[in-house]
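Accompanying notes for the structure given below.
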Amino acid sequence: IEKALQVQDDSRSAPAVIYLLTDGFEMASTDIRGLTETVAEMRSRYAPRTKINTICFWPRVEDRSALEAIAAQSFGEAFFITE
């Protein structure tokens, strides 16, 4: 995520949208909360106007919460595939 937020085009503009595709996180729920805070800090530092849309396959409850938070704090959308 950090590398994606640091990408710049020839005019030194950050990406307008990032799509984060995952099948979940192998983390404790407390680490997942830290992840959402870290993503918010990186976005603020590198690309404050970049939307992050999240897409997750077979999310656990913790995954869903984290991905919804990441999307919401960047004005993006969260999508979940459960089938």
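Key figures
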| read-out | value |
| --- | --- |
| Residue pairs meeting the criteria (Cβ under 6 Å; at least 6 apart or on separate chains; first among the aromatic types (Phe, Trp, Tyr), in segment 1-29; second at pLDDT 95 or above and not in a loop (DSSP other than H, G, I, E, B)) | TYR19/ASN53 |
| Considering residues of segment 33-57 that are farther than 19 Å from VAL7 by Cα and touching a strand residue (DSSP E or B) at 6+ places or on another chain (Cβ under 7 Å) only, the residue most open to solvent (accessible area, probe 1.4 Å) | PHE57 |
| Residues that are under 14 Å from THR22 (Cβ atoms) and of a type outside the set (A, V, I, L, M, F, W, C), drawn from segment 56-75 | PRO59, ARG60, GLU62, ASP63, ARG64, SER65, GLU68 |
| Positions within segment 1-22 being surrounded by 13 or more Cβ atoms within 10 Å (Cβ to Cβ) and in a helix (DSSP H, G or I), in sequence order | ALA4, LEU5, GLN6 |
| So VAL61, is it without any contact (Cβ under 8 Å) to a residue 40 or more places away in the chain, open to solvent by less than 90 Å² (accessible area, probe 1.4 Å) and among the β-branched types (Val, Ile, Thr) | no |
| ALA66 being at pLDDT below 95 and open to solvent by less than 80 Å² (accessible area, probe 1.4 Å) | yes |
| Selection count where residues are in a helix (DSSP H, G or I) and among the aromatic types (Phe, Trp, Tyr), scope segment 27-83 | 1 |
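The values are calculated or read from the model by the stated rules, or taken from the named source; none is laboratory data. Not measured: the values here are computed from a predicted model. Every residue, glycine as well, gets a Cβ built from its backbone with ideal geometry; the counts of neighbours run over all protein chains shown. To get the accessible areas, we keep the full protein, side chains included, count just its heavy atoms, and leave off ligands, DNA and RNA. Shrake-Rupley method; radii C 1.70, N 1.55, O 1.52, S 1.80 Å.
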